[in-house]
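Working notes, structure below.
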Amino acid sequence: MKQFGIFISVIFMSIFINVARAESDSNVYAGFGISSLALDSERVIGVPTRSPGHTPKIGSLFLGYQFNNRWSLDLTLGTDFSNNVNTDQVSVNGYRFFGEKNWKPYISAGASSFSINDATVDQTEQIQVGFGVSGALSNNLELRVGYQHFYELGDTSYNDDGVTVALNWHFRKPRTATAAKATPQPESIPKKKEVTDTFELLVQFDFDKADIKSTYKPQFDMIARTLKESPDKSMTVEGHTDSIGTEVYNQGLSERRAEAVGKKFIQDYGIASGRISIKGYGESRPVADNNTAEGRAKNRRALAVILKPGKSTE
């Protein structure tokens, strides 16, 4: 029966991986995790399998496929390392993620096979459902923390619960590989832009933030004074991010950063909104190496420049 469970798991994995190959943001991932599995109290006679001191502690290996930002599927092979209740586990789980932030909730569902020594029934098959949260620690490294409830499909109808903490490594191609190989260039304005000299504002941000630090106030004061003295001039604000997170999320974050700069001029200095144009470029225009912490910090930025009368920002 255990071999049958493994066979079914591999078949499901093969089907979903082949279906997902057309996805542009898809990637294979592998990882490891630790689970605390609270078995049904009727599984092992005389052992309080739902007591924290007697629950199996399962060490697991994962092999999965991330279809896109919303869906993934993985195969799990696990075994007890605590000697509480000798348990082996084979599972297939599908995940549905919600939101575009680096930390996002998910729900899961799947099927599993348990092999438990000294149990009333030593081999059982289950279906499971659960929920949890996924966090992008870097462009490749993911943390998942989740809960699942298992319902046994046989006559005994066991109910089990598990909590898992896992780290997954996603084998995705670096989206900034070209920029990383090139020598980082200083921040510059495209030649098509006609701007007044010396009046540029560069604001840098903390990771995953669009808050403007108070240290930039003198620069805002200078730009605002110039705009008020020259009502025929306008300003463009460009927002940028580093490469951590999805392209969709980083595009929105870059727009929020540009909007934060523009809103500060409007609300704090009374500059008319019609004189300020906003543009977000996501992670597409790095000025430094996204493979280093220092480079990513430089790429988390917004640039504001004053334009000559009648000139376009494109």
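The values are calculated or read from the model by the stated rules, or taken from the named source; none is laboratory data. On a predicted model such as this, the values are computed, not experimentally measured, just so you know. Positions of Cβ are generated from backbone atoms using ideal geometry, with glycine treated the same way; all protein chains shown enter the neighbour counts.
Figures for the structure shown
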item: Filtered residues of region 95-113 (kept if crowded, with 17+ Cβ neighbours inside 10 Å and either touching a residue at least 40 places away in the same chain (Cβ under 8 Å) or touching a Cys at 6+ places or on another chain (Cβ under 9 Å) (or both)); result: 100, 102, 106, 108, 111, 112, 113
item: Count of region 253-274 residues which are in a helix (DSSP H, G or I), surrounded by fewer than 18 Cβ atoms within 10 Å (Cβ to Cβ) and small (Gly, Ala, Ser); result: 2
item: Residue under evaluation residue 221, criteria (1) modelled with pLDDT under 85; (2) farther than 21 Å from residue 283 by Cα; (3) surrounded by fewer than 13 Cβ atoms within 10 Å (Cβ to Cβ), criterion not met; result: (1)
item: Matching entry among 151, 106, 95 (being among the aromatic types (Phe, Trp, Tyr) and within 22 Å of residue 56 (Cβ to Cβ)); result: 151
item: Tally, over region 189-218, of residues that are within 25 Å of residue 253 (Cβ to Cβ) and at pLDDT 85 or above; result: 16
item: Filtered residues of region 64-86 (kept if outside any loop (DSSP other than H, G, I, E, B) and either surrounded by fewer than 18 Cβ atoms within 10 Å (Cβ to Cβ) or not assigned by TED's automatic domain parsing to the domain that holds residue 119 (or both)); result: 71, 77, 79
item: Selection count where residues are of a type in the set (Ser, Thr, Tyr) and within 16 Å of the chain's Cα centre (by Cα), scope region 57-90; result: 2
item: Considering residues of region 148-182 that are of a type in the set (Ser, Thr, Tyr) and exposed (fewer than 15 other Cβ atoms within 10 Å of the Cβ) only, the residue modelled with the lowest pLDDT; result: 178
item: Selection count where residues are more than 18 Å from residue 32 (Cα to Cα) and touching a residue at least 24 places away in the same chain (Cβ under 8 Å), scope region 132-166; result: 10
item: In region 275-294, residue surrounded by the fewest Cβ atoms within 10 Å (Cβ to Cβ) [restricted to those that are free of Cβ contacts under 8 Å to residues at least 12 places away in the same chain and not in a loop (DSSP other than H, G, I, E, B)]; result: 294
item: Residue that is surrounded by the fewest Cβ atoms within 10 Å (Cβ to Cβ), among those in region 228-252 that are assigned to a helix (DSSP H, G or I) and under 20 Å from the mean Cα position of the chain (by Cα); result: 248
item: Among (1) modelled with pLDDT of 90 or more; (2) at positive phi, the one test that residue 83 misses; result: (1)
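Table: residues versus (1) in contact with a Gly (Cβ under 6 Å, 6 or more places away or on another chain); (2) more than 27 Å from residue 69 (Cα to Cα); (3) among the acidic types (Asp, Glu).
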{"residue": "246", "(1), (2), (3)": "no, no, no"}
{"residue": "250", "(1), (2), (3)": "yes, no, no"}
{"residue": "254", "(1), (2), (3)": "yes, no, no"}
{"residue": "257", "(1), (2), (3)": "yes, no, no"}
{"residue": "265", "(1), (2), (3)": "no, yes, no"}
{"residue": "276", "(1), (2), (3)": "yes, yes, no"}
{"residue": "288", "(1), (2), (3)": "yes, no, no"}
{"residue": "291", "(1), (2), (3)": "no, no, no"}
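Residue-wise test of (1) among the basic types (Lys, Arg); (2) part of a strand (DSSP E or B).
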| residue | (1), (2) |
| --- | --- |
| 104 | yes, yes |
| 111 | no, yes |
| 121 | no, no |
| 132 | no, yes |
| 143 | no, yes |
